[in-house]
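Structure first, commentary second.
A short reminder: the numbers here are calculations on the coordinates, not readings from a lab. Computed from a predicted model, the values in this text were never measured in an experiment. Here the Cβ is made from the backbone with ideal geometry for all residues, glycine too, and neighbour counts use every protein chain on show.
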Amino acid sequence: MAILQTTRAASDPSFVGQSPIRHSLEVLLKATIVLLPGDGIGPEVIASAHRVLVQVAQSHGHTLEFQEHKIGGIAIDLYGDPLPEETIAACKRSDAVLLGAVGGPKWDDPNAKTRPEAGLLKIRKELGLFANLRPIVTFPELLDSSPLKRSIIEGTDILFFRELTGGLYFGPSGCETLPDGQQRAYSTAVYTTHEVERIVRMAADAARTRRKKLTMVDKANVLEASRLWRRVSAKIMHEQYPDLEYEVVLVDSMAMHLLSRPTSFDVVVTSNMFGDILTDEASMLPGSLGMLPSASIGSSGPGLYEPIHGSAPDIAGKGIANPLATILAAAMLCRHSLGLHAEAEQIERAVRKVLALGHRTADLVPRGQPSIGTEAMTQKVIENL
Ligand code: IPM
Ligand code: MG
């Protein structure tokens, strides 16, 4: 059998979203995946997702090669750099990257030379990952773990497209001392037409494969950069996507609507900072951060996949972290970077089955109720693949 390298699916916008896709008949035989466990519970949840991927690959006859590299606090400790050159090079050579989490109190000193988070921001930029996909889907079995009423959240299925390499995160910033001794600090939200166009198009393509509705979130009543978003996206939607329902919502009202009528949204597209905030808010709809994966993709090259939750230093090393978000991120990796749709669905089905069977990690049950640990949960998923 010929050894084929993976098709770089992330370059194909039709891979975005949950469905149908070209290349789906192509068989992937060989791919390289870089694992970046990072800090806190990162290594534990990455170990789980790794085991799931190995099992899935074996059962389908794929050859996945895994390489592990350092990012975040651990990389600062070892190399004085949250994103060593070697890690960047390995990621660039790979077909996909699976990341755990970065950060922790050990590296929180505001006067430190560098921070773990800088590694994450830099890898996004280095790999050109301008689109961060964050699906917010409620699991029927977990409806009662959400702090919100079942009647409000039932049926929620939102796909966020957060712009990831521009805006306030990457615009000119600085801090200077004024003549009177005060300090003056600034961060600037900057976007170009091209940066807005490519993410809006990607989001609209995804909406086309879903419920055909796109919501663009901005603050155009105040911010100039938002007014650019509004003009650019209105033009694209009018000219290229007349078949989609298109609405614009101000970010402050979006914060409210997400909690009052989450089921009225399908695909949501927004800038870096607004997307950061809104997706953390939205993550409470399904009940636990421990369930939510995310994918960061660019126009070509490897994608980066990670759980939405952070490094959770308080529970690191205790063997109780919920590995499901990272396992679901591995499913997204199969779908978006490797074009392995059946395999992605197989993983997602196994997760749903395990939940339906009643298995829960500690974050998914009320305090004091019985739960299982990271290891056991991983084993359950593997048994149900
Ligand atoms: C996220 C995180 C990061 C961000 C931090 C860790 C830099 O909050 O991925 O949402 O702000 O983008
Ligand atoms: Mg965030």
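Under a plain spin-label model, where a point goes 7 Å from the Cα along Cα-to-Cβ, how far apart in nm are residue 227 and residue 369?
That separation, rounded to one decimal, is 5.1 nm.
For residue 212 and residue 180, what is the calculated FRET efficiency with R₀ set at 56 Å and r taken between the beta-carbons, to the nearest 0.05? Before the final figure, lay out the partial values.
Values: r = 56 Å, r/R0 = 1.00.
E(calc), rounded to 0.05, equals 0.50.
Based on the Cβ-Cβ distance from residue 114 to residue 54, what FRET efficiency comes out when R0 is 25 Å, to the nearest 0.05? Don't skip to the answer; put the middle values down first.
Values: r = 33 Å, r/R0 = 1.34.
After rounding, the FRET efficiency stands at 0.15.
Kindly work out what percent of the DSSP beta bridges joining two residues of the stretch 157-284 are antiparallel, to the nearest 5.
Values: 5 of 19 bridges.
Bridges in the stretch 157-284 that DSSP calls antiparallel: roughly 25 percent.
By per-residue mean of other Cβ atoms within 10 Å, what is the highest-first order of 342-349, 129-136? Display every interim value, and only then the final one.
Details: 342-349: 18.2, 129-136: 23.4.
Final packing ranking: 129-136, 342-349.
Can you tell me the length gained on complete extension of the stretch residue 235 to residue 260, counting 0.36 nm per residue apart and subtracting the Cα distance? Kindly include the intermediate steps, with their values, before the conclusion.
On the way: separation 25, 0.36 × 25 = 9.00 nm, distance 2.94 nm.
Computed gain between residue 235 and residue 260 is 6.1 nm.
If a/c stays under 1.5 just call it rounded; otherwise compare a/b with b/c (prolate if a/b is bigger, oblate if not). Do that for the stretch 177-295, with a ≥ b ≥ c from the square roots of the Cα gyration tensor eigenvalues.
Numbers: a/c = 2.23, a/b = 1.35, b/c = 1.66.
Here the stretch 177-295 falls in the oblate category.
In the chain, how does Rg compare with the Kirkwood Rh, expressed as the Rg/Rh ratio over alpha carbon atoms?
On the way: Rg = 20.5 Å, Rh = 21.4 Å.
Taking Rg over the Kirkwood Rh, I get 0.96.
Of the peptides 364-373, 274-283, how do they stack up when ordered by the mean number of other Cβ atoms within 10 Å, highest first?
Details: 364-373: 12.8, 274-283: 19.9.
Order by mean packing, descending: 274-283, 364-373.
Mean-square fluctuation check for the chain, GNM, Cα pairs under 10 Å: which of 45, 56, 200 is largest?
56
Can you tell me the equivalent ellipsoid semi-axes for the stretch 235-385? Use √(5λ) from the Cα gyration tensor, largest first, whole Å. Can you show the working numbers first?
Values: eigenvalues 187, 83, 43 Å².
Over the Cα atoms of the stretch 235-385, the ellipsoid semi-axes are 31, 20, 15 Å.
In Å and whole numbers, how far do the C-alpha atoms of the stretch 201-247 stretch along each principal axis, longest first?
Principal-axis extents of the Cα atoms in the stretch 201-247, largest first: 32, 17, 15 Å.
Output needed for the stretch 223-265: three equivalent-ellipsoid semi-axes, defined as square roots of 5 times the C-alpha gyration tensor eigenvalues, in descending order, whole Å. Don't skip to the answer; put the middle values down first.
On the way: eigenvalues 94, 53, 3 Å².
So the equivalent ellipsoid measures 22, 16, 4 Å along its semi-axes.
Among 107, 229, which comes first, second and so on when ranked by fewest other beta-carbon atoms within 10 Å?
Numbers: 107 19, 229 28.
Going from least to most buried by this count: 107, 229.
Between residue 299 and residue 376, what is the spin-label point distance in nm, taking each point 7 Å from the Cα along the Cα→C-beta axis?
Output for this residue pair reads 5.0 nm.
Treating cross-link reach as a plain straight distance, find the aspartates and glutamates whose alpha-carbon is under 19 Å from the alpha-carbon of residue 213, omitting any fewer than eight places away in the same chain.
154, 157, 163, 197, 205, 239, 243, 245, 247, 266
Antiparallel versus total DSSP beta bridges in the chain: what percent is that, nearest 5? Mind showing how you got there, number by number?
Details: 19 of 48 bridges.
For the chain, the DSSP antiparallel bridge percentage is about 40.
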